[in-house]
Amino acid sequence: KNQVEQSPQSLIILEGKNCTLQCNYTVSPFSNLRWYKQDTGRGPVSLTIMTFSENTKSNGRYTATLDADTKQSSLHITASQLSDSASYICVVSLNNNDMRFGAGTRLTVKP
Amino acid sequence: GAVVSQHPSWVICKSGTSVKIECRSLDFQATTMFWYRQFPKQSLMLMATSNEGSKATYEQGVEKDKFLINHASLTLSTLTVTSAHPEDSSFYICSANQGAWTEAFFGQGTRLTVV
């Protein structure tokens, strides 16, 4: 069973709309949680990184939240653009720097 | 952020031949590099962890004699797919850390097609 579960698996939204992606994890001991954006055929690019004590972090139109008690994180994208079409991957790191990857959410933004 | 460069970005090879993929950290020294494989519509799967100057640690199910990893310097790790088969066709991605518990930076990936 994957220790990092992402939902939805895929999502289609219209340009300009907002959306929220979910990440639930069971891994421990927790070190940090990262959200990556991966364009098709490219390597992942870091969007945000949050440690145990951080509840929210923003990077432009991307805002990530973390609830370490419930082991849930979300990535909110505001005013979506066509270039936001990509896979968004949640990665949880353990204290030994071992990283566990979610399967990703495939976002498609349509005009 | 730091830059990790992979080369080549894509390669087509014949069955039975070997292919070498390079992963370079351009502006920092990477004590640890990771190699991943990604199949279509799936997440990254860790293949091995490479530490400079020592043998790589392979994940369960990954053949170390087939996927040769060399991390001879703090800025370069190579993955060689030996005796490639069509089922080895995949997207291979490396990542590098400057040190333990630091940010991981990913290369742009290499699309391998074995015909």
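Data overview
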read-out: When residues of the stretch A:54-84 are limited to those that are more than 16 Å from A:SER7 (Cα to Cα) and small (Gly, Ala, Ser), the one farthest from the other protein chains (Cβ to nearest Cβ); value: A:ALA79
read-out: Long-range neighbours under 6 Å by Cβ, at least six apart or interchain, first residue more than 10 Å from chain B (Cβ to nearest Cβ) within the stretch A:22-43, second surrounded by 17 or more Cβ atoms within 10 Å (Cβ to Cβ) and part of a loop (DSSP other than H, G, I, E, B); value: A:CYS23/A:GLY102; A:TYR25/A:LYS71
read-out: Qualifying residue in the stretch B:52-75 (condition: within 23 Å of A:MET50 (Cα to Cα) and more than 12 Å from the chain's Cα centre (by Cα)); value: no
read-out: Considering residues of the stretch A:95-111 that are within 10 Å of chain B (Cβ to nearest Cβ), buried (at least 16 other Cβ atoms within 10 Å of the Cβ) and not basic (Lys, Arg) only, the residue nearest to B:GLU59 (Cα to Cα); value: A:MET99
read-out: The stretch A:64-86, subset surrounded by fewer than 14 Cβ atoms within 10 Å (Cβ to Cβ) and acidic (Asp, Glu), residue nearest to A:GLY102 (Cα to Cα); value: A:ASP67
read-out: Within chain B, strands (runs of 3 or more DSSP E) holding 2 or more residues that are away from every other protein chain (no Cβ under 14 Å); value: B:10-13, B:19-25, B:67-73, B:76-81
read-out: All positions within the stretch B:49-61 that are surrounded by fewer than 16 Cβ atoms within 10 Å (Cβ to Cβ) and in contact with a strand residue (DSSP E or B) (Cβ under 8 Å, 6 or more places away or on another chain); value: B:ASN51, B:GLY53, B:SER54, B:THR57, B:GLU59
read-out: Any hit, the stretch A:31-41, residues being surrounded by fewer than 17 Cβ atoms within 10 Å (Cβ to Cβ) and either among the aliphatic types (A, V, I, L, M) or in a strand (DSSP E or B) (or both); value: no
read-out: Which numbered condition A:SER87 fails, given (1) farther than 18 Å from A:GLN9 by Cα; (2) at the interface with chain B (Cβ under 9 Å from one of its Cβ atoms); (3) among the polar types (S, T, N, Q); value: (1)
read-out: Which listed residue is over 19 Å from B:GLY107 (Cα atoms) and under 15 Å from the mean Cα position of the chain (by Cα), from B:THR82, B:THR78; value: B:THR82
read-out: Residue satisfying all of: in the stretch B:16-48; surrounded by fewer than 17 Cβ atoms within 10 Å (Cβ to Cβ) and touching an Asp or Glu at 6+ places or on another chain (Cβ under 9 Å); nearest to B:ASP65 (Cα to Cα) among these; value: B:MET45
read-out: Test: residue in the stretch A:11-20 that is more than 28 Å from B:VAL4 (Cα to Cα), touching a residue at least 12 places away in the same chain (Cβ under 8 Å) and under 10 Å from the mean Cα position of the chain (by Cα); value: yes
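Here is a yes/no grid of residues against (1) within 17 Å of B:PHE34 (Cβ to Cβ); (2) surrounded by fewer than 16 Cβ atoms within 10 Å (Cβ to Cβ):
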{"residue": "B:ASP65", "(1), (2)": "no, yes"}
{"residue": "B:HIS71", "(1), (2)": "yes, no"}
{"residue": "B:THR75", "(1), (2)": "yes, no"}
{"residue": "B:ASP88", "(1), (2)": "no, no"}
{"residue": "B:GLN108", "(1), (2)": "yes, no"}
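FYI, it's all coordinate maths here, none of it is from the lab. This is a predicted model, so every value here is computed, not measured. Ideal geometry is used to build each Cβ from the backbone, glycine not excepted, and the neighbour counts take in all protein chains shown.
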